[in-house]
1. Calculate the spin-label point distance for residue 203 paired with residue 179, positioning each point 7 Å from the Cα along the beta-carbon direction, and give it in nanometres.
2. Where does the stretch 31-103 land on the Kirkwood hydrodynamic radius, alpha-carbon pairs, in angstrom?
3. List the residues, sorted by chain then number, that are 5 or more residues from residue 188 or on another chain and whose placed amide H is less than 5 Å from its amide H.
4. From the convex hull of the Cα coordinates of the chain, what is the mean projected area in square nanometres?
5. With point charges of +1 on the Cβ of Lys and Arg and -1 on the Cβ of Asp and Glu, referenced to the Cα centre of the chain, which listed residue (53, 26, 201) lies farthest in the positive direction of the dipole?
6. What are the residues whose amide H is under 5 Å from the amide H of residue 107, where those residues sit 5 or more places off or on another chain and H is modelled from the backbone?
7. Short version: ³J(HN,Hα) in whole Hz for each residue of the stretch 34-41, in order, from phi by Karplus 6.51 cos²θ - 1.76 cosθ + 1.60 (θ = phi - 60°), x for Gly and Pro, what are they?
8. Each residue of the stretch 131-148 in turn: what ³J(HN,Hα) in whole Hz from Karplus with 6.51, -1.76, 1.60 and θ = phi - 60°, glycine and Pro shown as x?
Amino acid sequence: MKFFIDTANIEQIKEANDLGILDGVTTNPTLMAKEGIKGHDAIMAHYKTICEIVDGPVSAEVFGTKFEDIVEEGKKLALIHPNIVVKVPMIKDGIKAIKWFTDNGIKTNCTLVFSAGQAILAAKAGATFVSPFLGRIDDSSWDGIQLIEQIVNIYNVQGYMTEVLAASIRTPLHIVRCAEAGADICTCPLPSILGLLKHPLTDLGLQQFLNDAKTMQ
Ligand code: G3P
């Protein structure tokens, strides 16, 4: 399973990248706005900066909801860097635009996916990635992991090439469950990635080893 970081924060992207386990980045308008980025040029420059840090797919989301607007925006985003993936919402015009991008060699990430039916449509349109929002499904007292399992199974049975990018990750356990479910990618906030490191027995064991090492010096 590949690891993407789900943020537009440059420091956090650098920190995850320095670990050597980062395969890509996902952003969305909420995450970009959180960094105080304003205006077309600043947005484009920010994506370029991210692409220069991480050697892997970087999802940049369109703001438009009409086919023509999505295509125009996506074409401009794709010109920023070869690693840019145009992130498109799961709506009728979005599916049409994903098909257009697929036919024109532009990579896409179909976002805001909450059902297997939506994931089938995204794959039929040729999306490079599909983003089921696991945490938001859990928030509404449904089982997000069940959806990941269902989409992974359908894609395997049907031989779809679209990669399952589990999004809206909230905890290290979500990451473990996504790995079990066969997700191709997990896009996670930095604390969830770092949370995977934690175990009290590791800390206790290390302390003991360090104490014993001192007695031998
Ligand atoms: O980028 C999409 C997704 O990961 C959002 O996560 O935590 O806002 O549900 P969240």
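FYI, it's all coordinate maths here, none of it is from the lab. This is a predicted model, so every value here is computed, not measured. We place every Cβ from the backbone using ideal geometry, glycine too, and count neighbours over all the protein chains shown.
1. Taking the simple label geometry, residue 179 and residue 203 are separated by 2.1 nm.
2. About 12.6 Å for the stretch 31-103.
3. When sequence neighbours closer than 5 places are left aside, the close amide H contacts are 4, 5, 6.
4. On the way: hull surface 56.9 nm².
Averaging across all directions leaves 14.2 nm² for the Cα convex hull.
5. With unit charges placed on the Cβ atoms, the residue in question is 26.
6. 86
7. Residue by residue, the stretch 34-41 yields 4, 8, x, 7, 9, x, 3, 5 Hz.
8. So the J values, rounded to whole Hz, are 10, x, 8, 4, x, 5, 5, 4, 4, 9, 6, 9, 9, x, 5, 4, 5, 4.
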